[in-house]
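Data block below; observations after.
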Amino acid sequence: MPAINKILVAVDLSAQSSTVADYAVCLARSLNAEVMAVYIAPSLSQYVGFHVPASSIENFVGEVVNGAEKSMEDFVKEKFDGVKSKGKVVSGYAAEEIIEQAQEYGADLIVMGTHGRVGLDRILFGSVAEKVVKTSSIPVLTVRPDVVVNGTC
């Protein structure tokens, strides 16, 4: 079996991120791996053409990133206690950034949640998890938000 030494965990810092983190921690402890949790703030650059000043968009994204960095710091302290870990916040398109961050980090595995959208919702919003699974050169473990983690690892 290939070695899994580095795990990238993509989180959106919602309540469901705790379940995703639980799986990552379990794997990291079992494999003696380190973890990098990453949050992707939306770039919103596609809205520049809608008569919204670029400076307003940049300021808003900057505020989102600053708030997310504090949230990420707290999240990593709480969820990854006892595991070598760090958190990172970047902005961009989620699927592309997850793949890029995994490559930069040298990850051997990506762990991420899926919203489980179906029908029109999925057509309209797409699936970040699906895009990552289809384009990743490394294995991806997806966790549905309604999964209940039983016991500890």
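The values are calculated or read from the model by the stated rules, or taken from the named source; none is laboratory data. Being a predicted model, the structure only gives us computed values, none of them experimental. The accessibility values were calculated without ligands, DNA or RNA, using every heavy atom of the protein model including side chains. Shrake-Rupley method; radii C 1.70, N 1.55, O 1.52, S 1.80 Å.
Partner lysines whose Cα lies under 22 Å from the Cα of LYS70, excluding those fewer than 8 positions away in the same chain, are identified as LYS79, LYS84, LYS86, LYS88. The candidates TYR93, TYR23, TYR39, arranged from most to least accessible area with a 1.4 Å probe in the full protein assembly, appear as TYR93, TYR23, TYR39. Under a 5 Å amide H cut-off, with hydrogens placed 1.01 Å from N, VAL111 pairs with LEU8, VAL9, ALA10, LEU141 among residues at least 5 apart or on other chains. Database remark: amide H of SER85 closer than 5 angstrom to the amide H of VAL35 (H placed geometrically; neighbours at sequence offset of 5 or more, or on other chains; Pro and chain starts carry no H).
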